[in-house]
Amino acid sequence: MRAKFSSEILASADNAEMASIMRACVHCGFCNATCPTYQLRGDELDGPRGRIYLIKSMLEEADLSRSTQLHLDRCLTCRACETTCPSGVNYSRLVELARPIVDAKVGRRPLERFKRWLLRQIVPHPKRFAALVFVARIFRPLYPRALAELVPKAKRKQLPSQAGLHERKMLIIDGCVQQVAAPEINAAAREVFSRLKIELVSSTYAGCCGAVSYHLGEVAEAQGYARRNIDAWSPAVAAGAQALISTSTGCSVMLKEYGGLLRDDPIYADRARQISALVRDPSEVLDLGELAKAYQVKSDRRIAFHAPCTMQHGLRVAQRAEACLNAVGFELTEVPDGHLCCGSAGTYSLLQPALSEQLLDQKLAALEGASPTTIASANIGCLMHLQRRAKTEVRHWLEMIRPHAVKPDHQP
Ligand code: SF4
Ligand code: SF4
């Protein structure tokens, strides 16, 4: 993409990075074909190429308005466009750099500011989130349908975990929303890893990964979460933890960003890079042969797997989780348009409900079309979003594997 940026503009490191990303774009428009918001709205400015143009105009001509902000707000940051782009344009980085600039220059209406502030005050803090969920569940029967659907479903009964002590140790992040809404997911991870002789350890000092703040444009706040987590995990890393596991792919992508997020911090830069390099999705660690020896499905369970955008476009490991499910004997159904976002996208479902609802309905039709017994996924945001309206049970893929342990005397 041809662009003329003044030397004054390029003097800022962030602007120079944005300019360099934009120059890689050859304007072909292939990305529009896989962009969920372009598919829904049919408006060039609600597709990646149009958004890149808006950011270019902002930098070249300081042409910036509330309309620019609206089109960037409608972007899910799902990164489907990155997977499609033949020129390797790092769109997500571009939009993450642009959003705080747009917000600072255009501002936000008081109600929008309050909503965003409230989300940052509640979602990353498990005690506050738990209190909110507790109250919301009590009053749920009184809410209209749309509001009642937003309340997380009642917690499932916690099964006692069979996790044990092993020489191979890896860190696991408890997360913020997940430890309140679905603690059974990490319990399942501990047990499955333990049967493969890996102990998952967590630090009580670690907290939210910072994704909520980061995606709402509060970079300094996200850096604060990152520093706290790095401090919390450093002792285990120094003691030889082999990896940092997250059972939520949204958190994994954020943890992989720590190196870039703190690259200019003289105290944390090296440790941030080290933490990012340790991040692994569970599916990357579990050995398929060992998994197949330890777990085998006897019943006829057909799973529709929803690969979160963070898993397929961010981490690019969706096939690995599917391979794990196949290895233990699950049958996976065909899911049309699997590359499209479900509309959860962090806080998107709360900030852009109309588009999010359309994407949810489309996704559930695609997932439930082949009548699976269960929908499995890998990210707490997607799981909660799908559970709102799914007629089929929705679970994390590790929870699906956990109950099917082969008794030791039956192992080959
Ligand atoms: S990140 Fe997703 S919603 Fe945003 S432009 Fe790319 S494909 Fe479209
Ligand atoms: S596919 Fe890539 S190069 Fe083509 S318009 Fe989209 S971002 Fe630009």
Region 84-98 residues that are on the phi > 0 side of the Ramachandran plot and assigned to a loop (DSSP other than H, G, I, E, B), paired with ones that are within 12 Å of ligand 2 (Cβ to nearest atom) and open to solvent by 10 Å² or more (accessible area, probe 1.4 Å) (beta carbon under 7 Å, 6 or more apart): 88/24
Wholly enclosed helices (runs of 4 or more DSSP H) of region 271-335 bearing at least 2 residues in the same structural domain as residue 394 (by TED's automatic domain parsing) and in contact with a Phe, Trp or Tyr (Cβ under 7 Å, 6 or more places away or on another chain): 318-327
Within region 363-405, considering residues that are without any contact (Cβ under 8 Å) to a residue 60 or more places away in the chain and of a type in the set (Lys, Arg), the one nearest to residue 351 (Cα to Cα): 363
When residues of region 51-67 are limited to those that are under 18 Å from residue 93 (Cβ atoms), of a type outside the set (Lys, Arg) and open to solvent by less than 60 Å² (accessible area, probe 1.4 Å), the one nearest to ligand 1 (Cβ to nearest atom): 52
Scope region 273-288; condition open to solvent by less than 10 Å² (accessible area, probe 1.4 Å) and polar (S, T, N, Q); matching residues: 283
Considering residues of region 68-83 that are more than 6 Å from ligand 1 (Cβ to nearest atom) and either among the hydroxyl-bearing types (Ser, Thr, Tyr) or in a loop (DSSP other than H, G, I, E, B) (or both) only, the residue farthest from residue 6 (Cα to Cα): 83
Hits in region 1-44 (condition: away from ligand 2 (no atom under 12 Å from the Cβ), basic (Lys, Arg) and surrounded by 15 or more Cβ atoms within 10 Å (Cβ to Cβ)): 41
Selection count where residues are more than 18 Å from residue 248 (Cα to Cα), open to solvent by less than 30 Å² (accessible area, probe 1.4 Å) and hydroxyl-bearing (Ser, Thr, Tyr), scope region 356-412: 3
Which numbered condition residue 240 fails, given (1) open to solvent by 10 Å² or more (accessible area, probe 1.4 Å); (2) closer than 22 Å to residue 323 by Cβ: (2)
Cβ pairs under 6 Å, 6+ apart, first in region 177-191 and charged (D, E, K, R), second surrounded by 21 or more Cβ atoms within 10 Å (Cβ to Cβ): 190/200; 191/402
Residue tally, condition part of a loop (DSSP other than H, G, I, E, B) and near ligand 1 (Cβ under 9 Å from one of its atoms), over region 41-50: 1
Number of the exception - residue 73 against (1) within 25 Å of residue 27 (Cα to Cα); (2) acidic (Asp, Glu); (3) at pLDDT below 95: (3)
Residue list for region 71-111, filter: hydrophobic (A, V, I, L, M, F, W, C) and open to solvent by 50 Å² or more (accessible area, probe 1.4 Å): 104, 111
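Let's see how each residue does on (1) more than 30 Å from residue 406 (Cα to Cα); (2) modelled with pLDDT of 95 or more; (3) assigned to a loop (DSSP other than H, G, I, E, B); (4) assigned by TED's automatic domain parsing to the domain that holds residue 351:
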site	(1), (2), (3), (4)
192	no, yes, no, no
200	no, yes, no, no
206	yes, no, yes, no
225	yes, yes, no, no
230	yes, yes, no, no
233	yes, yes, no, no
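The values are calculated or read from the model by the stated rules, or taken from the named source; none is laboratory data. Values in this document were obtained by computation on a predicted structure and should not be read as measured data. Reconstructed Cβ throughout: ideal geometry from the backbone, glycine too, with neighbour counts over all protein chains shown. Protein only, heavy atoms only, side chains kept; ligands, DNA and RNA dropped before computing areas. Shrake-Rupley method; radii C 1.70, N 1.55, O 1.52, S 1.80 Å.
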